[in-house]
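Reviewing the structure listed below.
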Amino acid sequence: MSTDVSAPNAETPQSLSESSAQQQHEVETPQQKQLLNLVFRSMKRTHDFFFHDYATPPEPDTKADELWRAVKVRTEYGSVLKQVQEAKRRKEDELLNLPKNMTNGPGPAPPTAAPPSAPLAISESASADGPVYGFFYTILFLIACLPGGYIPSVGVVASLQEVHIVLALLTCFRIDELFLNRGSKELSTLPSTGRTEDSTMRAMLPARAPVMVKPKWHAPWKLYRVISGHTGWVRCVDVEPGNEWFATGGADRIVKIWDLASGKLRLSLTGHVSAVRACKVSHRHPFLFTGGEDKQVKCWDLEYNKVIRHYHGHLSAVQDLSIHPTLDILVTCARDATARVWDIRTKAQIHCFTGHTNTVASVVTQATDPQVITGSHDTTIRLWDLAAGRSIATLTHHKKSVRALTLHPSLYMFASGGADNIKQWKCPEGEFIQNLSGHNAIVNSLVCNEDGVLVSGGDNGTMYFWDWKSGFCFQKEQSKAQPGSIDSEAGVFAMAFDQSGSRLITAEADKTIKMYKEDETANIVPETGEKAHRSLGTS
């Protein structure tokens, strides 16, 4: 009985779909059908209008292109465009003012052929007007002999375009090497005509490739000692002139004196109330100078191990300091964008160098002009006249903060480092020499020794060793953070060579001091025991 009742109410899925479709057709009204027709018609028109050239670029507009080029040239090269046009016009005038024997006027006709045995060197008989024109005719002869060569009509220069073609072929086939190198003796013996065509043609010859400097071989450096003792970042280091001990200062506000030979702690000096950022040992007095983030500059008497002088004046944290090598003068720089010059004996401020617009991060002094050089976070380097108390030059080549400066021990040069590049400069004008690229980190410190080894220390713990003359990086080291605290990390803040230049001391962010030395066995062949005379170019 139950089966008979439920059978009429049961419906299959197929019947349900058919019934829903039937209801949908029944719901559509004529207005809806008309609306759908309009929509589909619009879609069809749009498809027919656009699909046939879909993704096809528009037609080129020559006038718009010419206008765009003219605007771009005037915007980017407007300041020198007039000078370029005047120089081009002068060269064209010089080429058009040819001598009589190259026109239809009277004078001997240029040679159209030469015997096979005739030498290609320039001689006085090549032309009646002098060696320059004989040189020109010989070029025309060589170009005519080349496969597919071209030569203007003999005796007549028809247009400036022909002269341009001759000069272009001359450049392509490097005829200048044939005459300017092999024929230099002949050229030097010829009399001068006093005309400008010779210099014009020489100026159009292609420039020679620069000569690459061969790097000098340096022994690799290796870590041989790690010294612990500071309880904060070690921010500065300096070696005393006798090469017996060195001083360090750190974020723990303590200045420590260490034995250079054994690495043992000799003395701890307390007095700063904030991090010690700079320390220097005087070569002419038994004094140690320190500067810190407490705005204080202190002079320590190393015979009594106490502070004997304070230098007051900075308005913010002292970043670096330097002692003049021949005068009793101390130069300090700070976060207040100034560098101040002090008389060591009287504590009087001699000069206050202003001009930087941001933190002055590094300062170096030398006996010759410029006697003071500063690098700043405003990306500039300034050279200062110590006597006049003013800036001599401002170097703006760096694009990021300049954090490190170092002088070459014997050459009249210095180097600067930042987050973008390491650059070398020549004194006294600050002439740019070369870039040392590759140390992709914030360079906090630079040092150089007598052998021409330049070392750069980065904020990420990397150390790059460079050959000063060639700018070649011959070694890369990654400092490993020493365990000991939760916030131990790799980072090189300061470096110093000892007085012999054979040991390198680094002050790092893992609260340790690391010492490196040259690997003495690096240039010894183990099998024979003989020195391997190796360099970077030969073996």
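Below is a table of values for the structure above.
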| quantity | calculated |
| --- | --- |
| Tally of residues being at pLDDT below 95, closer than 19 Å to ILE433 by Cα and touching a Ser or Thr at 6+ places or on another chain (Cβ under 7 Å) across the range 362-378 | 0 |
| Scan of the range 430-439 for residues that are assigned to a loop (DSSP other than H, G, I, E, B) and surrounded by 13 or more Cβ atoms within 10 Å (Cβ to Cβ), ordered by number | GLY430, GLY438, HIS439 |
| Which listed residue is of a type in the set (A, V, I, L, M, F, W, C) and within 29 Å of TRP217 (Cβ to Cβ), from LEU446, LEU395, LEU386 | LEU446 |
| Boolean, GLN482 is assigned to a loop (DSSP other than H, G, I, E, B) and among the polar types (S, T, N, Q) | yes |
| Residue match in the range 412-425 (condition: more than 29 Å from THR396 (Cβ to Cβ) and without any contact (Cβ under 8 Å) to a residue 60 or more places away in the chain) | no |
| Of all residues making up the range 381-400, the number that are crowded, with 19+ Cβ neighbours inside 10 Å and either over 15 Å from the mean Cα position of the chain (by Cα) or polar (S, T, N, Q) (or both) | 4 |
| Restricting the range 29-70 to residues that are of a type in the set (Lys, Arg) and at pLDDT 85 or above, the residue that is surrounded by the fewest Cβ atoms within 10 Å (Cβ to Cβ) | LYS63 |
| Test: ALA337 is under 18 Å from ARG235 (Cα atoms), of a type in the set (A, V, I, L, M) and modelled with pLDDT of 95 or more | no |
| Which listed residue is hydrophobic (A, V, I, L, M, F, W, C) and within 19 Å of GLN499 (Cα to Cα), from LEU260, LEU269, LEU265 | LEU260 |
| Count of the range 359-380 residues which are surrounded by 15 or more Cβ atoms within 10 Å (Cβ to Cβ) and either polar (S, T, N, Q) or over 23 Å from VAL443 (Cβ atoms) (or both) | 10 |
| Lone qualifier among VAL281, VAL226, VAL273 - being assigned by TED's automatic domain parsing to the domain that holds SER316 and more than 25 Å from ARG345 (Cα to Cα) | VAL226 |
| First in the range 436-458 and in the same structural domain as ALA361 (by TED's automatic domain parsing), second anywhere and in a loop (DSSP other than H, G, I, E, B) and among the aromatic types (Phe, Trp, Tyr), Cβ under 8 Å, 6 or more apart | CYS448/TRP468; GLY452/TRP468; VAL453/TRP468; LEU454/TRP468 |
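The values are calculated or read from the model by the stated rules, or taken from the named source; none is laboratory data. All of these numbers come straight from a predicted model, not from anything done at the bench. Counting neighbours? That spans all protein chains shown, and the Cβs are built from the backbone with ideal geometry, glycine included.
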